[in-house]
Amino acid sequence: MEHENPSGGNRRNFLIQLTSVVGGAGVAAACVPLVSSMNPSSDVLAKAETEVDLTGIPPGGMHTVAWQGKPVFVLHRTPEQIKESQASNGVIDPEADAKRAKNPEWLVVLGVCTHMGCVPNKEGPGWVCHCHGSVYDDSGRVTHGPAPRNLEVPPYHFLSENKLVIGKA
Amino acid sequence: MANNIMNWIDERFPLTSFVKHDLTDYPTPRNLSYWWNFGFLAGIVLVLQLITGIFLAMHYKADVAMSFDSIQHIMRDVNYGWLLRYMHATGASAFFFVIFTHMARTLYYGSYRAPRELLWWTGQGLLLLLMATAFMGYLLPWGQMSFWGATVITNLFKATPFIGDQVVIWLRGDYTVGDATLTRFFALHYLMPFVIVGAVVIHLVALHSVKSSNPSGIDLAAKDNIPFHPYFTIKDLYGLGIFLIVYSVFVFFMPNSLMEPANNIPANPMVTPNHIVPEWYFLPFYAILRSVPNMVGGVIAMGLSVMLFAFMPFLDRSRIPGGARYRPFYRLQFYLFLIDMVLLGWVGYVHPTDQTILIGQVATFVYFASFFFVPMISKMEESWLIKRGLPAEVMVLIDSEANEIAKKQLKKNQRNGVQS
């Protein structure tokens with residue numbers, strides 16, 4: 001038995017460190033439920049999918065629908081709008097129009113400015129965000145800052161010719 | 001009888017000595033001007049906000065379906081509800097007005113300088129707490145401005161590296177600002193004032209350890225201090241009278257002048273108002289956010305613009321005592337900075353056009369430059385003032401300070417020498 005040096009620091013220091021680490025881990029673990037409780041609850045998560053009827057949207061017209069509480073722009077593009085959108089790849093965040101619209105006639109984008117989250121207005125060709133002056137084209141691509149990225153394309157698929165489901169690709 | 005009770009207490013709790021030490025006999029420089037009233041006024045506004053807020057909370061409902069209507073209920077049905085709400089809303093503006101003046105005084109007279117750095121930094125912490133509290137309180141009426149203001153500000157956290165999107169969702173408890181957000185903002189808005197009270201206690205402990213600065217910028221000899229009571233209780237009360245007159249004019253005659261009309265429209269997550277503006281006290285910082293074309297850069301610039309004040313004790317390198325009073329360049333800089341703040345506020349208020357964006361960018365540049373150049377200007381100003389000739393007393397003061405620093409350095413060196 002090694003009891004020659006009971007006041008020797010090693011054993012005590014080790015116990016202090018061990019207690020501190022275990023105690024710290026305990027406090028951190030206790031914070032997990034608190035922090036996690038602030039994340040979206042189950043009922044919020046359940047608002048995941050939205051169905052849209054496309055029959056009422058004339059060419060050139062746009063509907064705004066709510067998905068997960070966020071506005072989604074569903075734009076029925078005219079042939080000119082399609083042509084213009086396909087002609088360029090955007091300026092600030094280049095992306096081909098074909099990648100953004102599964103069916104070139106229908107553009108489905110989140111109506112949330114990628115800058116500060118305002119809802120842009122349909123103005124002229126594309127959208128203008130009045131909060132801080134970002135401009136988007138008819139493919140939802142940012143053409144004028146401060147927004148850093150194009151309008152997000154949510155996951156969606158067509159159930160039939162006139163039925164759109166947002167929330168699942 | 002009263003004496004006996006006091007004695008009984010004093011044997012168990014240092015009541016009399018505390019009152020003497022920190023209230024009645026607290027030594028205060030005799031030359032304090034009315035600019036030194038604003039700390040006291042901030043305390044009064046804090047108490048006003050706490051009282052009106054607690055009574056408002058008895059009638060308010062933090063639920064997206066009910067909160068907007070519960071404000072109407074407070075305004076129309078609750079006895080004196082209109083008064084409580086107008087006092088609370090006006091009080092928020094008054095709080096910022098008083099705090100900004102308090103800070104401006106500190107900057108002008110150089111009160112942030114040694115040995116008052118910790119006093120200044122605890123004040124900086126209080127400013128952040130106040131901003132957070134005001135921001136969360138503004139969501140509670142659940143009007144259009146409330147909703148979109150909260151949306152924009154929570155979105156700032158998207159600038160967090162790697163986990164930005166998750167942080168924003170976590171803060172909101174939803175994909176958008178929603179019921180979860182409103183309820184937690186209410187809970188925190190109720191909690192924060194008490195945190196502020198705690199921080200104020202720390203601020204006051206720091207103050208009572210280093211004592212008040214004064215317009216001369218020179219620490220006064222003990223004989224030039226006078227007891228706080230009755231000299232400054234009466235001065236503070238007089239200032240309070242003036243303050244309450246102005247406050248009452250706003251509460252009773254123009255309570256809506258500081259409110260955005262758009263906030264009388266219930267929040268609509270599908271439509272952003274064409275012109276969203278924060279409350280007046282956030283405008284300069286909002287203008288800085290908008291002036292930087294890059295999003296992350298804008299968020300960093302805005303954060304820095306608030307935090308830069310904390311660096312003032314390091315930036316100001318002049319050995320001339322005090323602030324702007326004896327330092328013409330510093331004074332010029334101070335006024336330029338004020339003008340720049342007002343300009344930024346205007347830029348933050350108006351609809352962004354190419355022209356206002358340019359003005360905003362210039363003003364933002366001037367804002368940061370005025371901090372950046374403080375070290376150079378303060379040093380150049382110091383040598384210019386010395387060359388021009390300072391009063392003998394000031395030179396003695398500077399020399400004695402230099403001596404003290406040299407002595408400390410010598411001691412330190414000696415200690416180190418012994419060790420090695």
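The values are calculated or read from the model by the stated rules, or taken from the named source; none is laboratory data. Nothing here was measured: the structure is a model prediction, and the numbers come from that model. Cβ sites come from the backbone with ideal geometry, for glycine too, and all protein chains shown count toward neighbours.
Being part of a helix (DSSP H, G or I), aliphatic (A, V, I, L, M) and within 10 Å of chain A (Cβ to nearest Cβ) is the filter here, so list the residues in the stretch B:176-192 that pass it.
B:180
Residue by residue, here is whether (1) crowded, with 16+ Cβ neighbours inside 10 Å; (2) not aliphatic (A, V, I, L, M) holds:
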position: B:298; (1), (2): yes, yes
position: B:301; (1), (2): yes, no
position: B:320; (1), (2): yes, no
position: B:332; (1), (2): no, no
position: B:345; (1), (2): yes, yes
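Output the residues belonging to the stretch B:273-284 that are more than 17 Å from residue B:141 (Cα to Cα) and within 12 Å of chain A (Cβ to nearest Cβ).
B:274, B:275, listed by residue number.
Among the listed residues B:270, B:254, identify the single one that is among the hydrophobic types (A, V, I, L, M, F, W, C) and either away from every other protein chain (no Cβ under 14 Å) or farther than 30 Å from residue A:123 by Cβ (or both).
Working: B:270 fails: either away from every other protein chain (no Cβ under 14 Å) or farther than 30 Å from residue A:123 by Cβ (or both).
On inspection, the qualifying residue turns out to be B:254.
Considering A:117, A:90, which residue is assigned to a loop (DSSP other than H, G, I, E, B) and either away from chain B (no Cβ under 14 Å) or modelled with pLDDT of 85 or more (or both)?
The unique qualifying residue is A:90.
Quick check: is even one residue across the stretch B:230-238 within 24 Å of the chain's Cα centre (by Cα), within 14 Å of another protein chain (Cβ to nearest Cβ), modelled with pLDDT of 90 or more and assigned to a helix (DSSP H, G or I)?
No, every residue in the stretch B:230-238 fails to be within 24 Å of the chain's Cα centre (by Cα), within 14 Å of another protein chain (Cβ to nearest Cβ), modelled with pLDDT of 90 or more and assigned to a helix (DSSP H, G or I).
Here is a list of conditions, (1) under 23 Å from residue A:144 (Cβ atoms); (2) in contact with a Pro (Cβ under 8 Å, 6 or more places away or on another chain); (3) among the small types (Gly, Ala, Ser), and residue A:66 meets all of them except one; can you say which number that is?
(1)
Pull out all pairs, ordered by first then second residue, where Cβ-Cβ is under 7 Å, the residues are six or more apart or on different chains, the first lies in the stretch B:59-82 and is free of Cβ contacts under 8 Å to residues at least 40 places away in the same chain, and the second is of a type in the set (Val, Ile, Thr).
Once the first residue is free of Cβ contacts under 8 Å to residues at least 40 places away in the same chain and sits in the stretch B:59-82, its partners that are of a type in the set (Val, Ile, Thr) give B:59/B:74; B:59/B:78; B:81/B:74.
All but one of (1) over 25 Å from residue B:274 (Cβ atoms); (2) surrounded by 20 or more Cβ atoms within 10 Å (Cβ to Cβ); (3) in contact with an Asp or Glu (Cβ under 9 Å, 6 or more places away or on another chain) hold for residue A:86; which doesn't?
Condition (2) is where residue A:86 drops out.
Out of all the residues in the stretch B:320-337, is one or more within 14 Å of chain A (Cβ to nearest Cβ) and more than 18 Å from residue B:102 (Cα to Cα)? Don't jump to the end; show me each part of the working.
Filtering the stretch B:320-337 for residues within 14 Å of chain A (Cβ to nearest Cβ) gives none.
For the stretch B:320-337, residues within 14 Å of chain A (Cβ to nearest Cβ) and more than 18 Å from residue B:102 (Cα to Cα): absent.
Looking at (1) within 24 Å of the chain's Cα centre (by Cα); (2) within 14 Å of chain A (Cβ to nearest Cβ), can you tell me which one residue B:309 breaks?
Only one criterion is unmet by residue B:309, namely (2).
Can you give me the number of residues within the stretch A:116-160 that are without any contact (Cβ under 8 Å) to a residue 24 or more places away in the chain, more than 17 Å from residue B:352 (Cα to Cα) and more than 15 Å from the chain's Cα centre (by Cα)?
So the answer is 3.
Exactly one of (1) out of contact with any helix residue (DSSP H, G or I) (no Cβ under 9 Å at 6 or more places or on another chain); (2) surrounded by 17 or more Cβ atoms within 10 Å (Cβ to Cβ) is unmet by residue A:150. Its number?
Among (1) out of contact with any helix residue (DSSP H, G or I) (no Cβ under 9 Å at 6 or more places or on another chain); (2) surrounded by 17 or more Cβ atoms within 10 Å (Cβ to Cβ), residue A:150 violates only (1).
Filter the stretch A:49-71 down to residues that are modelled with pLDDT of 85 or more and within 21 Å of residue B:148 (Cβ to Cβ) and give me whichever is nearest to the chain's Cα centre (by Cα).
It comes out as A:70.
Let's see how each residue does on (1) farther than 28 Å from residue B:295 by Cα; (2) in contact (Cβ under 8 Å) with a residue 12 or more places away in the chain; (3) not basic (Lys, Arg):
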{"site": "A:12", "(1), (2), (3)": "yes, no, no"}
{"site": "A:24", "(1), (2), (3)": "yes, no, yes"}
{"site": "A:54", "(1), (2), (3)": "yes, yes, yes"}
{"site": "A:72", "(1), (2), (3)": "no, yes, yes"}
{"site": "A:85", "(1), (2), (3)": "no, yes, yes"}
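Of all helices (runs of 4 or more DSSP H) completely enclosed by the stretch B:312-420, which ones contain at least 2 residues that are under 30 Å from residue B:274 (Cβ atoms)?
Filter on the stretch B:312-420 gives B:328-349, B:354-372.
With respect to the numbered conditions (1) out of contact with any Lys or Arg (no Cβ under 6 Å at 6 or more places or on another chain); (2) more than 14 Å from every other protein chain (Cβ to nearest Cβ), which one is the sole condition not fulfilled by residue B:291?
For residue B:291, the exception is condition (2).
Please tell me if residue B:201 is under 30 Å from residue B:39 (Cβ atoms), out of contact with any strand residue (DSSP E or B) (no Cβ under 9 Å at 6 or more places or on another chain), assigned by TED's automatic domain parsing to the domain that holds residue B:46 and in contact (Cβ under 8 Å) with a residue 60 or more places away in the chain.
The answer is no for residue B:201.
Among the residues of the stretch A:18-48, which ones are under 19 Å from the mean Cα position of the chain (by Cα) and either of a type in the set (Gly, Ala, Ser) or away from chain B (no Cβ under 13 Å) (or both)?
Filtering the stretch A:18-48 down to residues under 19 Å from the mean Cα position of the chain (by Cα) leaves A:38-48.
Across the stretch A:18-48, the qualifying residues are A:41, A:42, A:46, A:48.
Restricting to helices (runs of 4 or more DSSP H) lying wholly in the stretch B:113-175: which have 1 or more residues that are of a type in the set (S, T, N, Q) and within 14 Å of chain A (Cβ to nearest Cβ)?
Because the criterion is at least 1 residues that are of a type in the set (S, T, N, Q) and within 14 Å of chain A (Cβ to nearest Cβ), the helices (runs of 4 or more DSSP H) in the stretch B:113-175 that meet it are B:144-155, B:164-172.
Got a sec? Which of B:171, B:139, B:107, B:156 is of a type outside the set (Ser, Thr, Tyr) and under 27 Å from residue B:86 (Cα atoms)?
Answer to the check: B:139.
Taking the residues in the stretch A:93-114 that are in a strand (DSSP E or B) and in contact with a Leu (Cβ under 8 Å, 6 or more places away or on another chain) as candidates, determine which candidate is nearest to the other protein chains (Cβ to nearest Cβ).
A:110
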